[in-house]
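The values are calculated or read from the model by the stated rules, or taken from the named source; none is laboratory data. Bear in mind that the values here come from a model prediction, so they are computed numbers and not experimental data. Virtual Cβ from ideal backbone geometry, glycine too; neighbours counted across all protein chains shown.
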Amino acid sequence: MNVKKGWEGRCFEDFEIGDIYNHPLGRTVTKSDNIYMTLLTQNTNPIHFDSNYSYQTEFQKPLVNSTFTIALVTGQSVTDLSMNAMANLGWDEVRLPNPVFEDDTIYSFSEVIFKRESKSRTNVGIVNVKTSGYNQRGEIVITFKRAFMIYKKEHMPNKDNQLLFDVFKKNDTYSEQ
């Protein structure tokens, strides 16, 4: 059987200061996304969920809850940056220079701005990035710096999926070659 591994993410050694990663997936924000995140976070500002109220503001439509924006753009970056992170260490300098509205499509990219060996753990390193999210009009809607602790190659947890091979055998899905 010739099972091909999918993308498994980067390790500490793969990052270089100055590298820029264009995160591959854009995401169109829906009204449901906005209302759900607003309810989930118990944000009671009507600018996020009351169209009549929002129409009376300078924006004349609901604004997307900014906690959704930071969660979305962070999530977009995981494939390229922190798929193998041991832990997020923090977000700094979060800026929201332009609003996000329902039906905007958000894209993002990140630049590696710092990296170092961990002083307390020999199995990981620390990487700092600056991430920016932008909309379909090319307007930057969020920037932030993020630090995460990421595994070194020789210390990665095992990702072999023995269960997959057990499923194949049990269901005679693929014959062994």
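For the stretch 135-145, check the following and say yes or no: at least one residue is closer than 19 Å to Ile17 by Cβ, modelled with pLDDT of 95 or more and among the small types (Gly, Ala, Ser). No, the stretch 135-145 contains no residue that is closer than 19 Å to Ile17 by Cβ, modelled with pLDDT of 95 or more and among the small types (Gly, Ala, Ser).
Residue-level check: of (1) over 30 Å from Phe168 (Cβ atoms); (2) free of Cβ contacts under 8 Å to residues at least 12 places away in the same chain, Val78 misses just (1).
Of all residues in the stretch 1-56, exactly one satisfies the criterion of being of a type in the set (A, V, I, L, M, F, W, C) and assigned to a strand (DSSP E or B), namely Ile20.
Return the residue satisfying two criteria in turn: it lies in the stretch 17-52 and is more than 22 Å from the chain's Cα centre (by Cα) and among the β-branched types (Val, Ile, Thr), and of such residues it is modelled with the highest pLDDT. Per the stated criteria, the residue is Ile47. Within the stretch 57-75, restricting attention to residues that are touching a residue at least 12 places away in the same chain (Cβ under 8 Å) and part of a loop (DSSP other than H, G, I, E, B), the residue that is nearest to Thr30 (Cα to Cα) is Val64.
Just one of Ser118, Ser110 is hydroxyl-bearing (Ser, Thr, Tyr) and modelled with pLDDT of 95 or more; which is it?
Values: Ser118 fails: modelled with pLDDT of 95 or more.
Only one candidate qualifies: Ser110.
Within the stretch 13-37, residues that are within 21 Å of Ile126 (Cβ to Cβ) have Cβ atoms under 6 Å from residues that are aliphatic (A, V, I, L, M) in these pairs: Phe15/Val112; Phe15/Val127; Ile17/Val112; Asp19/Val112, counting only partners at least 6 apart in sequence or on another chain. Picking from residues in the stretch 150-170 that are closer than 30 Å to Glu16 by Cα and aliphatic (A, V, I, L, M), the one that is surrounded by the most Cβ atoms within 10 Å (Cβ to Cβ) is Ile150. Within the set Gly125, Gly133, the sole residue that is touching a helix residue (DSSP H, G or I) at 6+ places or on another chain (Cβ under 6 Å), closer than 22 Å to Ala87 by Cβ and not basic (Lys, Arg) turns out to be Gly125.
Scanning the stretch 76-89 for residues that are more than 27 Å from Ile35 (Cα to Cα) and assigned to a strand (DSSP E or B) yields a total of 4.
Condition check for Ile106 on (1) touching a strand residue (DSSP E or B) at 6+ places or on another chain (Cβ under 7 Å); (2) free of Cβ contacts under 8 Å to residues at least 60 places away in the same chain: one failure, at (2).
Just give me the residues in the stretch 137-163 being touching a residue at least 60 places away in the same chain (Cβ under 8 Å), touching a Phe, Trp or Tyr at 6+ places or on another chain (Cβ under 9 Å) and not aliphatic (A, V, I, L, M), in sequence order. Residues satisfying the conditions are Phe144, Arg146, Tyr151, Lys152, Lys153. Checking the structure you have, find out if any residue of the stretch 59-72 is more than 21 Å from Phe144 (Cβ to Cβ), over 17 Å from the mean Cα position of the chain (by Cα) and surrounded by fewer than 13 Cβ atoms within 10 Å (Cβ to Cβ). Yes, the stretch 59-72 contains at least one residue that is more than 21 Å from Phe144 (Cβ to Cβ), over 17 Å from the mean Cα position of the chain (by Cα) and surrounded by fewer than 13 Cβ atoms within 10 Å (Cβ to Cβ). Applying the criterion of being buried (at least 16 other Cβ atoms within 10 Å of the Cβ) and of a type in the set (Phe, Trp, Tyr) to the residues of the stretch 20-58, the residue that is farthest from Lys130 (Cα to Cα) is Phe49. Of everything listed in (1) loosely packed, with under 15 Cβ neighbours inside 10 Å; (2) in a loop (DSSP other than H, G, I, E, B), the single unmet condition for Pro99 is (1).
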